[in-house]
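One structure is given here, and the rest of the page talks about it.
The values are calculated or read from the model by the stated rules, or taken from the named source; none is laboratory data. Keep in mind the model is a prediction, meaning the values are calculated, not measured. Heads up, the Cβs are rebuilt from the backbone with ideal geometry, glycines too, and the neighbour counts pull from every protein chain shown. Side chains included, ligands, DNA and RNA excluded: accessible areas come from the protein's heavy atoms. Shrake-Rupley method; radii C 1.70, N 1.55, O 1.52, S 1.80 Å.
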Amino acid sequence: MTQSQPPAVAKWMLRHLVLGDRTEALEGDLLEEFHRRSPAWYWRQVFSAILGFSNLLRIGWATFLTVAFAVAWVYGMCLVVAHSAPSPGHFLSGNWIPHEEPVWMAVGIFFYVVVPLFIYLALTRNLSLRTCGLGLGAGMLVIVGLPSFQFHLATPFNHFLEYVRARHGNPIVWLRLYWAAQGTAPLIAAIWSAALSKTKMDNFQSPVAAPHES
Amino acid sequence: MAPHAYLGEFELIVLLALLRAGENAYGVPIARVIEESTRREVAIGSVYAALERLEQKGLVASHLGEPTPERGGRAKRYFRVTAAGLRQVRTAQKALVSLWRGLPQLEGAKA
């Protein structure tokens, strides 16, 4: 069944989420063409326009994906270790790892930065020596700089926790957010740097762009 | 020709479609020409994005038409290829033809 009017929500999204001064002409074109097309076609056109026109939204979406992946990975790893290590001798209990701090740190970096970075780059088809190198470099920089950052942040954060405790009671949510930010910061930095280096390379090397034909 | 005014594949397709669509070309006819030649659904938004890039490079010029009722009172944006755009298409054509010519892998192959 063909509708006489495009979906209202899609129209609203087109009007409000597409940046630039082409919206009016595009809206008219889509309306004109809609009479011989389907609502699904209209939706595809609107999503494509939003992704193609709105760089802000594109950056926002990429940011969301990066953070979501990092949080899912770090929390997933924590869950796996917590629930799959039934005995001290189990592989996931980590007892096989030598107890020296540098070794633990290296194992942590490997499982919390190197492996997820490789997986992310492979999934997004951005795996290369350059993206891996830049991503790992940025991740390591954050790991090295994090203790200093935490040291400077500790006092104001404790004041903030006192304030929350006095006004709203238990500040556990804020503490968890703080821990989550600490745990995921190196991985987020690694993925962002790798993605940024890929984008810069593309802009520099390849003017060929055929985006968003669906 | 500006040294950095490279043409991407899709930009070249849009320029050629614009030339084919002739005068009074706007988003819909340009997208139709592309769909007919590539046999793929094309996002009109992508066509506009490419046209804007081409306009910034000075290869395309545009003007707004009058609003019409069948378009919900929205005006059409008409496009035309500029002289620089035409030169750029010719340059791309020469480069591509010279690259295509004499390739044994493509001899006798179906398009």
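Looking only at residues in segment A:5-46 that are basic (Lys, Arg) and within 32 Å of the chain's Cα centre (by Cα), which one is least open to solvent (accessible area, probe 1.4 Å)? Give the derivation first.
First, pick out the residues of segment A:5-46 that are basic (Lys, Arg): A:11, A:15, A:22, A:36-37, A:44.
Keeping just the survivors that are within 32 Å of the chain's Cα centre (by Cα) gives A:11, A:15, A:22, A:44.
Details: A:Lys11: 53, A:Arg15: 110, A:Arg22: 22, A:Arg44: 103 Å².
The extreme case among them is A:Arg22.
Does B:Arg87 satisfy the condition of being assigned to a helix (DSSP H, G or I), open to solvent by 20 Å² or more (accessible area, probe 1.4 Å) and in contact (Cβ under 8 Å) with a residue 12 or more places away in the chain? Yes; evaluated as a whole, the condition is true for this residue. Each residue in segment A:165-183 was checked for being part of a helix (DSSP H, G or I), without any contact (Cβ under 8 Å) to a residue 12 or more places away in the chain and within 24 Å of A:Val74 (Cβ to Cβ), and 6 of them qualify.
The listed residues are B:Thr82, B:Thr68, and the only one of them that is at the interface with another protein chain (Cβ under 8 Å from one of its Cβ atoms), open to solvent by 10 Å² or more (accessible area, probe 1.4 Å) and of a type in the set (S, T, N, Q) turns out to be B:Thr68. For B:Lys57, state whether it is in contact (Cβ under 8 Å) with a residue 40 or more places away in the chain, closer than 23 Å to B:Ala21 by Cβ and open to solvent by 70 Å² or more (accessible area, probe 1.4 Å). Criteria met by B:Lys57. Among the residues of segment B:30-50, those identified as crowded, with 18+ Cβ neighbours inside 10 Å, under 13 Å from the mean Cα position of the chain (by Cα) and not in a loop (DSSP other than H, G, I, E, B) are B:Ile30, B:Ala31, B:Val33, B:Ile34, B:Ile44, B:Ser46, B:Val47, B:Tyr48, B:Ala49, B:Ala50. Within segment B:10-29, which residues are crowded, with 24+ Cβ neighbours inside 10 Å, part of a helix (DSSP H, G or I) and in contact with a strand residue (DSSP E or B) (Cβ under 8 Å, 6 or more places away or on another chain)? B:Leu15, B:Leu18, B:Gly27, listed by residue number.
Among the residues making up segment A:115-130, those that are closer than 21 Å to A:Tyr75 by Cβ and either of a type in the set (Lys, Arg) or open to solvent by less than 30 Å² (accessible area, probe 1.4 Å) (or both) are A:Pro116, A:Leu117, A:Leu121.
Selection of segment B:5-46 for residues being at pLDDT 90 or above, more than 9 Å from chain A (Cβ to nearest Cβ) and farther than 15 Å from B:Leu86 by Cβ yields B:Pro29, B:Ile30, B:Val33, B:Glu35, B:Glu36, B:Ser37.
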